[in-house]
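Have a look at the structure below before the remarks.
The values are calculated or read from the model by the stated rules, or taken from the named source; none is laboratory data. Here the structure is a predicted model, which means the values were calculated and not measured. Reconstructed Cβ throughout: ideal geometry from the backbone, glycine too, with neighbour counts over all protein chains shown.
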Amino acid sequence: MTFRIAFFLCCTAAFITKAQPYVSRDGRFQVDQVKGCAPLTVNVAIIPPNVCSPAVPCEFFYETNPIQNVFSHQYTVPGIYTLRVLFQAGVPIDQITITVLPNTSPEFEIYSCGGNGVQVNITDTNYDRYVIDFNDATLPVETNALTTVTHTYASSGNKTVTVRGRNLSADDNCSPASKVVNAVPTLPVPTITQLTVLNAQDIQLDFNAQSNILYRLQVAQNSATAFQSLQNVYETSTTTINNLQTDANFYCFRLGVFDPCNNTTVYSNTICSSNFDVSVLNNINRLTWATSSTGVSNYSISKNTDPPLNAAPAATSLDDTNVSCGVNYCYQQTINYSNGSRSISLSKCATAQSTDVPAVVENISSAVGTEGSVDLEWTQDPAYVASIYTITKTVNGTFANVNSSATTTYTDDEYLHDVVTCYTISYTDACNNQSPVSVQACPIRLIPTRQPDNTVSLSWTPYEGWENGVDHYVVQKFNGEGQVLVTVNVSNATTYVDNVPDSQNQIVVYRITAIANDAGIASSVSNAFTIIKEPNLFHPTAFTPNDDGLNDIFNVYGQFITAFEMRIFNRWGEMMYVTEDLEDGWDGHYKGTLMPEGTYVFRATITDQVGRTYDRSGTVVLLKKN
């Protein structure tokens, strides 16, 4: 039998390559080919007694224009042509039809089999017959379209398979197609590495497929055992399954490596989707899923705001209690298998809900500005998310107005520090739950008093608005340019006396800052109060210019003086002395002569640091004492 097959193949191959003569319509000439792939060469032979010679030329119409005595022509463009020959001496024109086909390489698939076998599947229908050359010691095999041929190689490794198409009664000149196939002793079992639920209808599978291997995909709905054939997979490492209901079911898949030579299938691991969902309870987002636990090592659930949540293989639900009312959370489950594969669910989102009463605002800080405003700042339990804050203002114990803020700060531009003003704060959370009203927070009101000797007594209202109260107060003293002169911690006292002499700064500004016992709370700051000290001008009523170093000169004294002029007159109005130097005084002389005892008149004009002018005049007695 083997010999007969080989003989048939040999003879068939010889028949394929042998040219056939085809006679024209009227039998005056013949051609070696009437059909073939482009480019097709046709050779013409004249049948006697017809003659085509230089002496008796013939005209050949291969395509359009005639040429004389040219007995061969190559057709390059596919189509149907009429080859005509015009003879001399009144012989009628003779013709034959030439068919030129597109030179299309045939389509085919190669499947690897076990035992170094391969199967060629002819998927092409453009030709009458197909010749398969396995490029080893065996002869080519001729077959029909849409058929399969198996072959076993003597060894493993990459092999080249060539397929060419041919048509009956035609030149065997069509271009072949070649593909490389890996002959293997045993087909490798695939692994589905990842399953991804794309949407409510589609699931994508990724796997470690190899070339030239035919795979068969199976699916089981809501089961990991009741599998049904789904589709063949070839020359791809990913496929998408459509028309599913992933929100109502879970689907398990396995991928089989198919040996077409032996009609056997070995299946991969099983991987399943998850019918994953989230439901909203009071302060809980409940995550539930349905899937098969076969081969599962654990579940990992990603969350858009926090680290992933984890669950054991036997779990079918998980309560997420780390949620805040009104916040939208999105979850996605990943099933991790012990072989390293994973299955990724759809992402599911839900807005957390709660009926709990929000915690009260407990720490309100206030900082009084310099232009009739106060800035409020507060903290609250971060477990509650406020949608809007309500700020209620009272003045001297009487309701004033209500304002709102979307943040934990608010500025009142109509604050007056000379009246008792207080604020309370409440809020509505994202679930429309109303918090209790906070305690009153009244900005610190500083009320200083200046004594005649320029000593300043400070008193202020204690600050209330913090849950754990005030740790201490800080008194700050500034000069007129805003530079800090003194900073003093005064524990929990609400009074302070500034009696430190200061002849440099006539204008001073005081401000009180309260520091909370709890860390992280903004300090509260009182209104700034400006004190303008008096120059406190004075002068002696008598002086004794006897050079004993005691009371030898007369002058007008004071503080914070920036400009000065003094004149001295005798009883007749004659000016005895004039000076603009605050450090100089009258020593009782006029033109170098000590004036007699008696009463003299002085006039002084003085300007202080704030630009106020003082006129002082009076009398002074000049005494001469030994």
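List of remarks:
- Filtered residues of the stretch 382-406 (kept if within 11 Å of Cys422 (Cβ to Cβ), surrounded by 15 or more Cβ atoms within 10 Å (Cβ to Cβ) and not aliphatic (A, V, I, L, M)): Thr392, Lys393, Thr394
- Filtered residues of the stretch 215-246 (kept if over 18 Å from Gln194 (Cβ atoms) and hydrophobic (A, V, I, L, M, F, W, C)): Ala220, Ala226, Phe227
- Counting only strands (runs of 3 or more DSSP E) that fall entirely inside the stretch 1-95 and contain at least 2 residues that are at pLDDT below 90, over 30 Å from Ile132 (Cα atoms) and among the β-branched types (Val, Ile, Thr), no element qualifies.
- Residue check for Ser178: modelled with pLDDT under 95 and either of a type in the set (A, V, I, L, M) or surrounded by fewer than 19 Cβ atoms within 10 Å (Cβ to Cβ) (or both): no
- If you go through the stretch 555-587 and keep only what is over 15 Å from His539 (Cα atoms) and surrounded by 15 or more Cβ atoms within 10 Å (Cβ to Cβ), you end up with Phe560, Phe569, Asn570, Met576, Tyr577, Thr579.
- Qualifying residues in the stretch 45-66 (those that are farther than 12 Å from Arg84 by Cβ and among the hydrophobic types (A, V, I, L, M, F, W, C)) - the one surrounded by the fewest Cβ atoms within 10 Å (Cβ to Cβ): Ala55
- All positions within the stretch 211-222 that are assigned to a loop (DSSP other than H, G, I, E, B) and surrounded by fewer than 16 Cβ atoms within 10 Å (Cβ to Cβ): Ser211, Asn222
- Exclusive hit being within 51 Å of the chain's Cα centre (by Cα) and closer than 23 Å to Gly369 by Cα, set Tyr473, Tyr496: Tyr473
- Among the conditions (1) under 16 Å from Asn144 (Cα atoms); (2) surrounded by 15 or more Cβ atoms within 10 Å (Cβ to Cβ), Asp128 misses just one, which is (2).
- Exactly one residue out of Leu309, Leu287, Leu318, Leu346 is closer than 25 Å to Thr225 by Cβ, within 28 Å of the chain's Cα centre (by Cα) and outside the structural domain of Thr246 (by TED's automatic domain parsing), and it is Leu346.
- Test: residue in the stretch 501-520 that is closer than 30 Å to Gly618 by Cβ, surrounded by fewer than 21 Cβ atoms within 10 Å (Cβ to Cβ) and touching a strand residue (DSSP E or B) at 6+ places or on another chain (Cβ under 7 Å): yes
- Among (1) closer than 24 Å to Asn536 by Cα; (2) part of a strand (DSSP E or B) - the single one Asp552 does not satisfy: (2)
- Members of the stretch 96-120 found to be surrounded by 16 or more Cβ atoms within 10 Å (Cβ to Cβ) and over 30 Å from His151 (Cα atoms), listed by number: Ile96, Ile98, Thr99, Val100, Leu101
- Failed item in (1) modelled with pLDDT of 95 or more; (2) more than 30 Å from Asp413 (Cα to Cα); (3) surrounded by fewer than 20 Cβ atoms within 10 Å (Cβ to Cβ), with Cys272 passing the rest: (3)
- Looking across the stretch 425-445, the residues that are in a loop (DSSP other than H, G, I, E, B) and either in contact with a strand residue (DSSP E or B) (Cβ under 7 Å, 6 or more places away or on another chain) or hydrophobic (A, V, I, L, M, F, W, C) (or both) come down to Ala430, Cys431, Ser435, Pro436, Val437, Ser438, Val439, Gln440, Cys442, Pro443, Ile444, Arg445.
- Taking the criterion of being under 25 Å from Ile364 (Cβ atoms) and touching a residue at least 60 places away in the same chain (Cβ under 8 Å), the residues of the stretch 488-515 that qualify are Tyr510, Arg511, Ile512, Ala514.
- Any hit, the stretch 199-213, residues being in contact with a Lys or Arg (Cβ under 9 Å, 6 or more places away or on another chain) and either over 30 Å from Ala430 (Cα atoms) or of a type in the set (Val, Ile, Thr) (or both): yes
- Residues satisfying the stated conditions in the stretch 158-169, i.e. surrounded by 11 or more Cβ atoms within 10 Å (Cβ to Cβ) and more than 24 Å from Pro102 (Cβ to Cβ): Lys159, Thr160
- Of all residues in the stretch 446-460, those satisfying the criterion of being part of a loop (DSSP other than H, G, I, E, B), touching a residue at least 40 places away in the same chain (Cβ under 8 Å) and surrounded by fewer than 20 Cβ atoms within 10 Å (Cβ to Cβ) are Ile447, Pro448, Pro452, Asp453, Thr455.
- Among the residues of the stretch 96-122, those identified as under 25 Å from Gly36 (Cα atoms), among the polar types (S, T, N, Q), touching a strand residue (DSSP E or B) at 6+ places or on another chain (Cβ under 6 Å) and part of a loop (DSSP other than H, G, I, E, B) are Asn103, Ser105.
- Residue that is modelled with the highest pLDDT, among those in the stretch 194-228 that are of a type in the set (Ser, Thr, Tyr) and over 30 Å from Asn116 (Cβ atoms): Thr196
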